[in-house]
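For reference, the structure is listed below as C-alpha cells.
Rule-based calculations on the coordinates, nothing more; no lab input. Because the structure is a prediction, the values reported are computed rather than measured. Counting neighbours? That spans all protein chains shown, and the Cβs are built from the backbone with ideal geometry, glycine included.
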Amino acid sequence: MGEVYRARATKLKREVAIKILPDEFLSDPDRMARFQREAEALAALNHPNIAAIYDLQEENQTRFLVLELVEGDTLAERLRQREFRLLKSWNSKATSRLA
C-alpha cells in the first residue's frame, strides 16, 4: 500500500526511500491506522533483510515513511525475472516431452 520513491535526505546527507500513502487513503481511517501500524512494526524490527525506518512524517496533508534505501531490483523486475525463469523451465520440459 503506497508508492515508493528514491529521495535525498539533505539533513542526513544520504539516499533514502520515501513511501507515500496515496491521497485516496487519507480519508479512510482503516488505511491510516494500517499505515501507522506498518511504521510501528518496522520500527520494532531490526533485521538485515528488512529496511530500517527513519521517520514517519506528515506534510501538506501527505503522510509518508522515510526508509532505508535498499539497492537492487524492484519487485516488478523480480517478478518478471521469475516469470521468465518459470516460462523457460516450462518450455524446456514441454520440448523434452515432444522429443
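Annotation: the residues Lys19, Lys11, sorted from fewest to most other C-beta atoms within 10 Å of their own C-beta, follow the order Lys11, Lys19. When each of Ile18, Ile50 is scored by the number of other beta-carbon atoms lying within 10 Å, the sequence from fewest to most is Ile50, Ile18. Between Arg8 and Glu77, the modelled labels are 2.1 nm apart [label points 7 Å from Cα along Cα→Cβ].
Less than 5 angstrom separates the built amide H of Leu69 from those of Ala17, all sequence-distant by 5 or more or on a different chain.
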